[in-house]
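Below: one structure, written as structure tokens.
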Amino acid sequence: MKENSMEQATGPFLTAGSRKLTNSDITFSDEIMETDGRLNFYMDTFFNVDEVFGTHVETVENNDWINVYANYDIGQGQVCDTLDIVLNRGDGSCQELVYQLDDQEREILLKKMQDYCIHQEGLTLEDYGLRLQEEPEPLTSQTVQQM
């Protein structure tokens with residue numbers, strides 16, 4: 001496992017489900033966000049998440065659902081080793097979890113991220129990441145007061 005993924009892991013690791021992510025599982029929606037040198041992609045969950053992540057949300061026994069986020073490390077030029085998952089419980093509580101990606105899943109994610117970035121932003125991941133890093137910091141009220 002790469003050092004950068006361990007630094008970013010924010011919750012307990014999920015035990016893998018009965019299968020891995022496939023090309024047809026991975027779709028993104030929403031805007032690509034940049035946080036701490038990473039591009040963050042919201043993954044749609046139109047696939048059976050219990051089969052992949054070993055969770056228990058595809059059931060009528062509870063009102064749980066998950067949000068899944070994939071990240072691309074701009075500085076490293078690669079997909080991060082883990083997916084960030086937020087398990088939202090029907091009772092209103094939530095738990096942050098981590099899913100460890102294997103090399104094949106990371107390769108599939110890279111291609112999907114690249115295609116989505118070109119479609120959404122008209123730029124490759126690398127170019128979009130560089131553009132975001134070159135943009136000046138937005139003005140904050142503190143910056144305005146100092147002027």
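The values are calculated or read from the model by the stated rules, or taken from the named source; none is laboratory data. Because the structure is predicted, anything quoted here is derived from the model rather than measured. Using ideal geometry, Cβ is built from the backbone for each residue, glycine included, and neighbour counts are taken over all protein chains shown. In case anyone asks, the SASA skips ligands and DNA or RNA and just uses the protein heavy atoms, side chains included. Shrake-Rupley method; radii C 1.70, N 1.55, O 1.52, S 1.80 Å.
Inside the stretch 104-141, residues that are open to solvent by 50 Å² or more (accessible area, probe 1.4 Å) and either touching a Cys at 6+ places or on another chain (Cβ under 8 Å) or over 20 Å from Phe28 (Cβ atoms) (or both) make up a count of 10.
Looking at Met43, is it within 30 Å of Leu130 (Cα to Cα), hydrophobic (A, V, I, L, M, F, W, C), modelled with pLDDT under 95 and out of contact with any Pro (no Cβ under 8 Å at 6 or more places or on another chain)?
Details: within 30 Å of Leu130 (Cα to Cα): yes; hydrophobic (A, V, I, L, M, F, W, C): yes; modelled with pLDDT under 95: no; out of contact with any Pro (no Cβ under 8 Å at 6 or more places or on another chain): yes.
No; evaluated as a whole, the condition is false for this residue.
Taking the conditions (1) in contact with a Lys or Arg (Cβ under 8 Å, 6 or more places away or on another chain); (2) in contact (Cβ under 8 Å) with a residue 40 or more places away in the chain in turn, Arg38 satisfies each one other than (1).
Scanning the stretch 14-28 for residues that are touching a strand residue (DSSP E or B) at 6+ places or on another chain (Cβ under 6 Å) and farther than 14 Å from Asp102 by Cβ yields a total of 1.
Within the stretch 57-75, the set of residues being among the aromatic types (Phe, Trp, Tyr) and open to solvent by less than 20 Å² (accessible area, probe 1.4 Å) comprises Tyr72 only. Listed conditions (1) at pLDDT 95 or above; (2) under 30 Å from Glu134 (Cβ atoms); (3) of a type in the set (Asp, Glu) are all met by Glu3, apart from (1).
Listed here are the residues, each with its yes/no results for (1) open to solvent by less than 70 Å² (accessible area, probe 1.4 Å); (2) closer than 20 Å to Leu123 by Cα.
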| position | (1), (2) |
| --- | --- |
| Ile32 | yes, yes |
| Thr35 | no, yes |
| Asn40 | yes, yes |
| Thr45 | yes, no |
| Thr55 | yes, no |
| Gly77 | yes, yes |
| Gly92 | yes, no |
